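**Q** A single structure is presented below for examination.
The values are calculated or read from the model by the stated rules, or taken from the named source; none is laboratory data. Since this is a predicted model, take the numbers as computed values, not measurements. Heads up, the Cβs are rebuilt from the backbone with ideal geometry, glycines too, and the neighbour counts pull from every protein chain shown.
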Amino acid sequence: MHGLVHPTQDLDGPSIIGKSLQFVSYRIQTHNIFGYGYTTFLTHFDCIYLCFLECPRGHLDDNRDLKKQLMEGLDYLKDEREKAEFDVEAMKVAWAGSCEAFQVSDRMAKLVANDPVFEKFRKPTLGRKEMFKNTLRKAAYAWKLINDLHLTEEEAKWLRHYIDEPNYTDLQWEMFVPALEGQGTEEQKQKWLPLAKTMQIIGTYAQTELGHGSNVQGLETTATFDRKTDEFVIHSPTLTSSKWWPGGMAKVSTHAIVYARLIIDGHSHGVHGFIVQLRSLEDHSPLPGITVGDIGMKFGHGTYNTMDNGVVRFDCVRIPRNQMLMRVSQVTKEGKYVQSDVPRQLLYGTMVSVRQTIVADASKALSRAVCIATRYSAVRRQFGSRNGGPETQVIDYKTQQNRLFPLLASAYAFRFVSEWLRSLNTDVKQRLEANDFSTLPEAHACTAGLKSLTTAATADGIEECRKLCGGHGYLISSGLPELFAFYVPACSYEGENVVMMLQVARFLVKTVSGLGYKQPVGTAAYLGRATPLLQNSCAVQTGEDWLNSSAIVEAFEARAARMIVSCGQRIAMFENPEEGFAELSIDLVEASLAHCQLIVVSKFIQKLKEEIPGKGVKQSLEVLCYVYALFLVHKHQGDFLATGYLTPKQASLANDQLRSLYAKVRPNAVALVDAFNHTDHYLSSVLGRYDGNVYPKLYEAAWKDPLNDSDIADGIHQYVQPILKQRLHLAKL
Ligand SMILES: Cc1cc2nc3c(=O)[nH]c(=O)nc-3n(C[C@H](O)[C@H](O)[C@H](O)COP(=O)(O)OP(=O)(O)OC[C@H]3O[C@@H](n4cnc5c(N)ncnc54)[C@H](O)[C@@H]3O)c2cc1C
């Protein structure tokens with residue numbers, strides 16, 4: 001291919017039409033890197049675009065409209081969309097959870113997408129400072145919109161979500177405000193919440209230190225009570241006690257909830273939260289005794305580097321006594337440490353709420369990656385051309401389907417489990433208000449486990465989607481590298497994933513060891529039927545037998561119960577159970593995963609028992625549910641076989657059935673990702689564009705790279721020419 005011009009330059013009009021017709025059957029010869037050539041047939045519209053590219057430069061303005069008519073507004077995925085066997089609009093509602101939820105998110109997505117202030121394409125080429133400033137501008141503009149348009153809290157949440165740039169407001173709304181609400185006394189809430197909710201103060205959540213993250217009890221920052229002045233002295237005694245990571249803290253936050261070891265009269269009372277002012281509300285400078293800065297660039301380029309994750313050290317900073325968060329325990333004026341009658345478990349309630357959001361975010365992030373990979377897989381053609389016909393769409397390759405469709409199914413599965421978690425969260429809150437703490441350990445274990453499962457699967461899934469897009473997936477303009485870089489820390493923050501699974505394991509082992517006297521509840525209730533689950537074996541005899549929700553649930557229950565009971569029995573053989581727990585921790589994490597997968601599968605099945613309106617919607621979701629479950633059976637068949645619940649024949653029937661289900665997903669694939677209702681702005685992916693107009697837009701995006709500002713880049717004369725001209729010895733290097 002030669003003679004290409006910059007696609008933003010317009011081209012000679014009249015000759016285009018004639019040329020474009022010829023180009024309908026135009027072939028180009030391309031060569032791959034191994035040097036052998038093969039013929040690529042372009043689609044009709046690719047050809048028209050090529051024709052533009054081959055035309056002489058000039059006549060810019062006359063042809064802009066014509067080019068637009070030919071290139072824009074065409075739906076290259078129309079054929080795919082016409083194959084759909086379900087009502088896409090109804091599926092959008094099923095995905096969103098309700099008509100109202102759909103309308104709110106749709107309205108906010110469009111508000112952001114249509115506002116030039118929120119454009120994102122420039123971000124990857126900006127330097128850190130420019131990028132940070134640009135994010136501050138967007139956050140300020142968003143706050144103005146929220147106020148000017150009188151957006152509700154729910155609308156504001158969606159607006160921030162669609163802006164899609166991590167920044168200090170995430171910490172303000174998702175950590176600082178909830179921590180005040182959950183851990184503050186009534187007086188504290190009355191004082192601090194109005195300030196926070198009107199953004200007169202900006203807060204962050206400062207728990208992690210350089211030396212300790214997961215092990216909160218290992219935190220070293222101290223808060224020493226000074227009876228004489230009725231103050232706490234916040235201090236960082238060692239380098240490793242420096243607070244490290246809090247978002248927004250480096251440059252923006254005026255306040256932080258600082259977690260520190262409470263010391264009274266030389267005696268430690270464990271870690272508590274304290275409201276500490278970091279910066280002057282007048283000129284924003286750090287207050288005396290506070291050294292604060294940024295911890296440096298993070299993985300990826302744009303993504304999390306819009307956030308000023310910070311480091312702070314306190315040098316004997318004094319705060320009034322009433323700035324310790326005192327809902328659960330108080331320090332009196334006399335220096336007496338008092339536990340209130342509010343149980344400590346109440347703090348779990350906040351965690352349940354935060355982790356529910358994380359699971360919901362996992363489904364959003366995975367759906368985004370899957371949407372890009374599915375649309376691109378339908379556009380991309382490789383090999384398989386017969387008699388000069390088009391090549392095969394890569395989505396038709398079984399291997400592509402086997403990697404892609406389970407991820408598509410997972411996005412739906414995570415969406416529905418997060419919806420269920422929302423109701424669990426409401427239930428937990430109501431029970432807490434009624435002083436009923438009976439379900440809290442189970443709810444806590446369940447959300448910790450689901451946080452771990454969904455974030456790990458989503459991070460892996462995004463990376464798989466990148467690979468599913470071949471080489472182009474590696475381009476920033478595919479949207480996938482930045483999405484991965486943005487998403488992957490979810491595996492570490494808000495509870496490191498393995499540490500979370502170990503917490504689930506503790507709960508499960510405790511549950512099975514107490515079976516004689518305590519009936520398990522909620523998601524652990526099946527363990528109450530451990531005896532039959534350990535004895536029964538799977539009844540599946542044919543592939544179709546796997547398309548039965550009871551058979552699926554029982555298989556997952558039996559696998560999880562057997563793995564947990566086996567761990568419990570092996571731990572019991574140790575003299576010291578803690579030693580046993582540590583020794584068996586690998587098996588325990590696997591058993592926890594099995595338990596959490598059971599929850600996701602059974603909540604998907606539970607969703608299908610509800611009424612889901614719309615032609616073919618429920619049927620399509622049923623197919624996805626079986627794909628999700630059978631994919632897991634196949635992936636973890638080692639567990640199912642080793643626990644003796646499945647025979648090799650049954651495992652192989654499950655796999656055959658899974659593969660035949662792919663044929664049912666295939667015609668609906670593009671429509672199933674359309675149902676996520678993601679705007680092109682939100683996807684920020686050339687490969688995942690709604691209209692499938694991938695190649696011209698990839699080409700166009702490439703030319704926007706700063707290196708293409710000139711034909712001869714900076715540095716060529718200085719560093720390349722001396723080599724070429726054999727004058728390196730004279731060059732100033
Ligand atoms: C992008 C980002 C934003 C963040 N924002 C904030 C914030 O706003 N505020 C804040 O306070 N913190 C924040 N953090 C910090 C985050 O909460 C911690 O990094 C997280 O809790 C994990 O702790 P860690 O780094 O100490 O990991 P570690 O616990 O040191 O983990 C290291 C490894 O050790 C393993 N490990 C640890 N303990 C055990 C165990 N008992 N058994 C087996 N294996 C174990 C883990 O599985 C992991 O593989 C942020 C982190 C990131 C990446």
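**Q** Could you grab me the full set of residues in the stretch 637-669 that are in contact with a Lys or Arg (Cβ under 6 Å, 6 or more places away or on another chain) and either assigned to a helix (DSSP H, G or I) or under 15 Å from residue 543 (Cβ atoms) (or both)?
**A** Within the stretch 637-669, 639, 640, 667 meet the criteria.
**Q** Could I ask something else about it? Among (1) within 11 Å of the ligand (Cβ to nearest atom); (2) closer than 23 Å to residue 287 by Cα, there is one condition residue 231 misses while meeting the rest; what is its number?
**A** Going through the list (1) within 11 Å of the ligand (Cβ to nearest atom); (2) closer than 23 Å to residue 287 by Cα, residue 231 breaks only (1).
**Q** Looking at 276, 292 in this structure, which one is assigned to a strand (DSSP E or B) and farther than 23 Å from residue 184 by Cα?
**A** Details: 276 fails: farther than 23 Å from residue 184 by Cα.
After ruling out the rest, the residue left standing is 292.
**Q** Now for a separate question. For residue 247, which of the numbered conditions (1) over 30 Å from the mean Cα position of the chain (by Cα); (2) within 12 Å of the ligand (Cβ to nearest atom) fails to hold?
**A** The number of the failed condition is (1).
**Q** Shifting gears a bit: Would you point out which residue out of 415, 431, 422 is of a type in the set (Lys, Arg) and either under 15 Å from the mean Cα position of the chain (by Cα) or within 15 Å of the ligand (Cβ to nearest atom) (or both)?
**A** Numbers: 431 fails: either under 15 Å from the mean Cα position of the chain (by Cα) or within 15 Å of the ligand (Cβ to nearest atom) (or both); 422 fails: either under 15 Å from the mean Cα position of the chain (by Cα) or within 15 Å of the ligand (Cβ to nearest atom) (or both).
Testing whether each residue is of a type in the set (Lys, Arg) and either under 15 Å from the mean Cα position of the chain (by Cα) or within 15 Å of the ligand (Cβ to nearest atom) (or both) leaves just 415.
**Q** Restricting to the stretch 302-338, name every residue that is aliphatic (A, V, I, L, M), touching a His at 6+ places or on another chain (Cβ under 8 Å) and within 16 Å of the ligand (Cβ to nearest atom).
**A** Passing the criteria: only 325.
**Q** I'd like the full set of residues that are within 9 Å of the ligand (Cβ to nearest atom) and free of Cβ contacts under 8 Å to residues at least 24 places away in the same chain, limited to the stretch 193-217. Step through it out loud before you land on a result.
**A** Going residue by residue through the stretch 193-217, those that are within 9 Å of the ligand (Cβ to nearest atom) are 204-209, 211-216.
Hit for the stretch 193-217 is 215, nothing else.
**Q** So, of the residues in the stretch 458-514 that are within 30 Å of residue 405 (Cβ to Cβ), away from the ligand (no atom under 16 Å from the Cβ) and among the hydroxyl-bearing types (Ser, Thr, Tyr), which turns out to be surrounded by the fewest Cβ atoms within 10 Å (Cβ to Cβ)?
**A** 474
**Q** Also: Considering each of 239, 325, 281, 262 in turn, give the residue that is hydrophobic (A, V, I, L, M, F, W, C), within 33 Å of the chain's Cα centre (by Cα), more than 22 Å from residue 494 (Cβ to Cβ) and at pLDDT 95 or above. Reasoning before the result, please.
**A** Values: 325 fails: more than 22 Å from residue 494 (Cβ to Cβ); 281 fails: within 33 Å of the chain's Cα centre (by Cα); 262 fails: within 33 Å of the chain's Cα centre (by Cα).
Result of the check over 239, 325, 281, 262: 239.
**Q** OK, next. Of the conditions (1) modelled with pLDDT under 95; (2) on the phi < 0 side of the Ramachandran plot, residue 435 clears all except one; give me its number.
**A** (2)
**Q** Cβ-Cβ below 8 Å, separation at least six or inter-chain, first residue in the stretch 481-509 and β-branched (Val, Ile, Thr), second within 9 Å of the ligand (Cβ to nearest atom): which pairs?
**A** 488/299; 498/589; 499/214
**Q** Any residue in the stretch 567-594 that's basic (Lys, Arg): show its pairings with residues that are at pLDDT 95 or above and within 15 Å of the ligand (Cβ to nearest atom) at Cβ separation under 6 Å, as long as the two are six or more apart or on different chains.
**A** Listed pairs, sorted by first residue: 570/584.
**Q** Considering only the stretch 608-654, how many residues are free of Cβ contacts under 8 Å to residues at least 60 places away in the same chain, farther than 21 Å from residue 403 by Cα and aliphatic (A, V, I, L, M)?
**A** Within the stretch 608-654, residues that are free of Cβ contacts under 8 Å to residues at least 60 places away in the same chain, farther than 21 Å from residue 403 by Cα and aliphatic (A, V, I, L, M) number 3.
**Q** Would you please name the residue that is nearest to the ligand (Cβ to nearest atom), looking only at residues in the stretch 166-192 that are in contact with a strand residue (DSSP E or B) (Cβ under 9 Å, 6 or more places away or on another chain) and of a type in the set (S, T, N, Q)?
**A** Result: 172.
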